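K.L.:
For reference, the structure I am asking about is given below.
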Amino acid sequence: MNETDGYDFLYKLSYKSGPECDFTGSTREEFDIWKAQTLEKVKTMFGFDRLQSVPYNAEKLESEELVSAGGKEYTRELYMLDTLEGLKMPIFVLRPKEGNNKAALALHPHGSDGKNGIVGIVKEAIKEKEARFGYSYALDLLEKGYTVFCPDMLGAGSRKPISTENPEKCDCTAINNSLMSIGLNLPGVTTFELKRAVDFIYEYGVDTDDLLCIGFSGGGLATLWLAAVDERIKTAYISGYFHSLRGTLLHSNFCGCNFAPNMWKIVDLDSAAMLIAPRKLYIETGADDTLNGREGLSGVMELVDKVEYVYKDIFAADNFKFKACDGKHKWYGAFINEF
Ligand SMILES: [Zn+2]
């Protein structure tokens, strides 16, 4: 018992205060009511009612002809999209010369120099990280014929107001501190910006019937929330980011991109995943990933069981797959051959 350093205080309070939106029903009707109410609360939490959408007004800045490691010829285009008034988001489009016209939105992790690291532009400073975490999913999907869209998320890559010189660092916490001080938050702004990227993808001329959103670590975080609030994402693949929020308390996931005021009071991440049901959802994690939280894999499995219940018992859908892979925090690609 330690009443001075705040840990016990926060631990007890965090378990006392919610989440208000735990799904406890057993019928489709109850689920639909729960989903509508929960979505409203999540959108309010993210500040969507205070964010004004602007036309994305895509401007093509670069176009380069390249050949992938697997010998696939492709074009890498760089576009700039308007997302909010006064805010722009760069996005790479990897377009194979001979593809299947399917589309994927690939979201980068932290420390990858934003979108650069996942499209193979690997600076010396992140080479070791790239090898350790192996975040190859954008290029894996390109090899399979997908057109892959890779934006820089706010606080990373080319979108850092502070640590501009260090490709490994992100500015999430500083940006989120400022956003929260004006009543907004980073996961909300990021999710809202990514919705503009989805607008762009839908009008780009690719097949969006089975639009995939995929991401590892911080990219998994963004995938989870985007798919939760945007039904246009038809398949979500989350790698290395699925845990109980309370399980991470003063333990892991300290970066600002994880936090919005009242988030823990409203939902846990099983609820975010349930909002994706019955659309296809793949989640993988390393059995020894420290991002699994204090309880490790057993804590993750409690959430997985609840999500599985919604898919199987409420929707009779076989669309949710989870795999615990043997190892630590890294991209495993356990389901990549499903695409
Ligand atoms: Zn972050």
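K.L.:
Would you mind stating whether LEU13 is modelled with pLDDT under 95 and out of contact with any helix residue (DSSP H, G or I) (no Cβ under 9 Å at 6 or more places or on another chain)? Before you say what the answer is, go through the steps one by one.
P.N.:
On the way: modelled with pLDDT under 95: yes; out of contact with any helix residue (DSSP H, G or I) (no Cβ under 9 Å at 6 or more places or on another chain): yes.
Yes: the conditions hold for LEU13.
K.L.:
Any chance you could count how many residues in the stretch 125-156 are modelled with pLDDT of 95 or more, of a type in the set (Gly, Ala, Ser) and either more than 16 Å from the ligand (Cβ to nearest atom) or at negative phi (or both)? Step through it out loud before you land on a result.
P.N.:
Filtering the stretch 125-156 down to residues modelled with pLDDT of 95 or more leaves 137-156.
Filter once more, so that each one left must be of a type in the set (Gly, Ala, Ser): 138, 145, 155-156.
Subsequent filtering for residues that are either more than 16 Å from the ligand (Cβ to nearest atom) or at negative phi (or both) retains 138, 145, 156.
Residues in the stretch 125-156 being modelled with pLDDT of 95 or more, of a type in the set (Gly, Ala, Ser) and either more than 16 Å from the ligand (Cβ to nearest atom) or at negative phi (or both): 3 in total.
K.L.:
Continuing with this model, one more query. Restricting attention to the stretch 1-16, and to residues there that are part of a helix (DSSP H, G or I) and without any contact (Cβ under 8 Å) to a residue 40 or more places away in the chain, which single residue is nearest to ASP268 (Cα to Cα)? Steps first, please.
P.N.:
Pass one, the stretch 1-16, residues part of a helix (DSSP H, G or I): 7-16.
Restricting the remaining residues to those that are without any contact (Cβ under 8 Å) to a residue 40 or more places away in the chain gives 8-9, 12-13, 16.
Working: ASP8: 20, PHE9: 20, LYS12: 16, LEU13: 15, LYS16: 13 Å.
Residue satisfying both the conditions and the ranking: LYS16.
K.L.:
Using beta carbons and a limit of 9 Å, which pairs, at least six apart or on different chains, have the first residue in the stretch 292-305 and closer than 18 Å to LYS321 by Cβ and free of Cβ contacts under 8 Å to residues at least 24 places away in the same chain and the second one in a helix (DSSP H, G or I) and among the acidic types (Asp, Glu)?
P.N.:
Qualifying pairs under 9 Å: ASP305/ASP270.
K.L.:
Can you name every residue in the stretch 134-157 that is over 18 Å from the mean Cα position of the chain (by Cα) and part of a loop (DSSP other than H, G, I, E, B)?
P.N.:
LYS144, GLY145, TYR146
K.L.:
SER178 fails exactly one of the following numbered conditions: (1) within 12 Å of the ligand (Cβ to nearest atom); (2) surrounded by fewer than 24 Cβ atoms within 10 Å (Cβ to Cβ). What is the number of that condition?
P.N.:
That leaves (1) as the condition not met.
K.L.:
Here is a follow-up. Which one of these does LEU275 not meet: (1) surrounded by 19 or more Cβ atoms within 10 Å (Cβ to Cβ); (2) more than 27 Å from ASP210 (Cα to Cα); (3) of a type in the set (A, V, I, L, M, F, W, C)?
P.N.:
It is condition (2) that LEU275 fails.
K.L.:
Examine the stretch 26-47 for a residue that is within 14 Å of PHE192 (Cβ to Cβ) and of a type in the set (Asp, Glu), and state whether such a residue exists.
P.N.:
No; the residues of the stretch 26-47 include none that is within 14 Å of PHE192 (Cβ to Cβ) and of a type in the set (Asp, Glu).
K.L.:
Continuing with this model, one more query. Picking from ARG279, ARG246, which residue would you name as being under 18 Å from SER14 (Cα atoms) and of a type outside the set (Phe, Trp, Tyr)? Outline the logic, then answer.
P.N.:
Details: ARG279 fails: under 18 Å from SER14 (Cα atoms).
Going through ARG279, ARG246 in turn, just one is under 18 Å from SER14 (Cα atoms) and of a type outside the set (Phe, Trp, Tyr): ARG246.
K.L.:
To continue, here is another question. Evaluate the stretch 62-79: report whether one residue or more is surrounded by fewer than 15 Cβ atoms within 10 Å (Cβ to Cβ) and among the basic types (Lys, Arg).
P.N.:
no
K.L.:
Suppose the filter is out of contact with any Phe, Trp or Tyr (no Cβ under 9 Å at 6 or more places or on another chain), surrounded by fewer than 20 Cβ atoms within 10 Å (Cβ to Cβ), free of Cβ contacts under 8 Å to residues at least 40 places away in the same chain and among the hydrophobic types (A, V, I, L, M, F, W, C); does ALA131 pass it?
P.N.:
yes
K.L.:
Limited to the stretch 158-181, what total is found for residues that are among the small types (Gly, Ala, Ser) and not in a loop (DSSP other than H, G, I, E, B)? Let's see the steps before the verdict.
P.N.:
Narrowing the stretch 158-181 to residues among the small types (Gly, Ala, Ser): 158, 163, 174, 178, 181.
Applying the additional criterion that residues be not in a loop (DSSP other than H, G, I, E, B) yields 174, 178, 181.
Number of matching residues: 3.
K.L.:
Looking at (1) more than 14 Å from the ligand (Cβ to nearest atom); (2) over 28 Å from ALA272 (Cα atoms); (3) out of contact with any strand residue (DSSP E or B) (no Cβ under 8 Å at 6 or more places or on another chain), can you tell me which one SER163 breaks?
P.N.:
Tallying (1) more than 14 Å from the ligand (Cβ to nearest atom); (2) over 28 Å from ALA272 (Cα atoms); (3) out of contact with any strand residue (DSSP E or B) (no Cβ under 8 Å at 6 or more places or on another chain), SER163 fails exactly one: (1).
K.L.:
Can you list residue pairs whose Cβ atoms sit under 7 Å apart, with the first residue in the stretch 85-101 being in contact (Cβ under 8 Å) with a residue 60 or more places away in the chain and the second being aliphatic (A, V, I, L, M) and in a strand (DSSP E or B)? Count only pairs 6 or more apart in sequence or on different chains.
P.N.:
Pairs found: MET89/LEU81; PRO90/LEU78; PRO90/MET80; ILE91/LEU81.
The values are calculated or read from the model by the stated rules, or taken from the named source; none is laboratory data. Model, not experiment: these values are computed from the prediction. Cβ coordinates were reconstructed from backbone atoms using ideal geometry, including for glycine residues, and neighbour counts include every protein chain displayed.
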